[in-house]
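Down below is the structure, laid out as structure tokens.
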Amino acid sequence: DPIPNGVAPESQNAQLAHQSNRGSGPLQNGKANAPHQAPSSRASGPPGLSGRKTEASFAEIEAMELSDVEAPGYEDERRAYLGVSLKRSHDIEAIEGLKRKRRRTANNTRLLEVFDGNATAVKKRFTKANEKKAWDE
């Protein structure tokens, strides 16, 4: 069997099948699917919640004179909150103090090593420069 135009019949069928799927949407496993549809414009969130209702609720909260913590009847909660906040700030300060001490010790150790190295180098240079004079005397 001669092959017309140098293309095998099986590949001609595959080309025709591929060409028939063009323009009909994305392919999934070689088959055309319906074109992708955009998601609906319905807002996400609980049913019945709209932007207007949310904005109205925010405006109502902003119009209130006192926050929940400043309103009467919340003194105990406020005292407890302030106590916890103060304790947390002291804990953080203690931890940061320990970190500062560690850093200071590490920096002092590094500086000591650098100064010791410099002193040794200066001592060697001085000895090398003046050793001959000392032996001559």
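Numerical summary
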read-out	value
Equivalent-ellipsoid semi-axes of region 59-137, from the Cα gyration tensor, Å, largest first	69, 13, 6
In nm, spacing of pseudo-spin labels at R102 and H90 (7 Å Cα→C-beta vector)	2.3 nm
Test item: Cα-centred dipole of region 69-116, Lys/Arg +1 and Asp/Glu -1 on Cβ, debye	360 debye
Surface accessible to a 1.4 Å probe, D76 within the full protein complex, Å²	100 Å²
Average accessible surface area per residue within region 75-137, 1.4 Å rolling probe, Å²	99 Å²
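The values are calculated or read from the model by the stated rules, or taken from the named source; none is laboratory data. Quantities reported herein were computed from a predicted structural model and do not represent experimental measurements. Note that we place each Cβ from the backbone using ideal geometry, even for glycine, and neighbour counts take in every protein chain shown. Remember, those area values only see protein heavy atoms, side chains included, never the ligands or the DNA or RNA. Shrake-Rupley method; radii C 1.70, N 1.55, O 1.52, S 1.80 Å.
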